[in-house]
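Below: one structure, written as structure tokens.
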Amino acid sequence: QVRLVESGGGLVQAGGSLRLSCTTSVSMFTFNAMGWYRQTPGGQRELVAQAARYGSRTYADSVKGRFTISRDNAKSTVYLEMNSLKPEDTAVYSCNAHFPPHNYWGQGTQVTVSS
């Protein structure tokens, strides 16, 4: 059974940094891609960043230059380093593992950025 366990959310002031972690119960090479999504109350879930199995990275325009996704395959962990945080980054962030046609999700972690 695939499980994704997230950690690292919290409350931070604008301009601050946080690092999210997501550890999978199986090798990350199982999945085509690992990614982070976020959702605000009443809002749609949006892709924040994605790391493909063999290297390519994708970022939402709103986070380019501020967020970095990385993978530690030996630890089966994907990270989201978030810098220069803004109040509009406030959301529940969820880890995703994509293995077509399946998508697996973590439980979500709250990130709150105060102004």
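The values are calculated or read from the model by the stated rules, or taken from the named source; none is laboratory data. Model, not experiment: these values are computed from the prediction. So basically every Cβ, Gly included, is an ideal-geometry build from the backbone, and we count neighbours across all protein chains shown. Side chains included, ligands, DNA and RNA excluded: accessible areas come from the protein's heavy atoms. Shrake-Rupley method; radii C 1.70, N 1.55, O 1.52, S 1.80 Å.
Could you look through the stretch 17-37, keep only residues that are hydroxyl-bearing (Ser, Thr, Tyr) and assigned to a strand (DSSP E or B), and pick out the one that is nearest to Arg3 (Cα to Cα)? It comes out as Thr24.
Taking the criterion of being in a strand (DSSP E or B) and open to solvent by 50 Å² or more (accessible area, probe 1.4 Å), the residues of the stretch 38-49 that qualify are Gln39, Glu46, Leu47. Within the stretch 10-37, the residues that satisfy the criterion of being at pLDDT below 90, touching a strand residue (DSSP E or B) at 6+ places or on another chain (Cβ under 8 Å) and open to solvent by 20 Å² or more (accessible area, probe 1.4 Å) are Thr30, Asn32. Scanning the stretch 50-61 for residues that are open to solvent by less than 60 Å² (accessible area, probe 1.4 Å) and among the small types (Gly, Ala, Ser) returns Ala51, Ala52, Gly55, Ala60.
Can you confirm whether Arg38 is touching a residue at least 60 places away in the same chain (Cβ under 8 Å) and either farther than 19 Å from Pro87 by Cβ or under 11 Å from the mean Cα position of the chain (by Cα) (or both)? Judged against the criteria, Arg38 is a match. Entry remark, the stretch 67-90: residues being closer than 16 Å to Gln50 by Cβ, surrounded by 15 or more Cβ atoms within 10 Å (Cβ to Cβ) and not acidic (Asp, Glu) number 9 in total.
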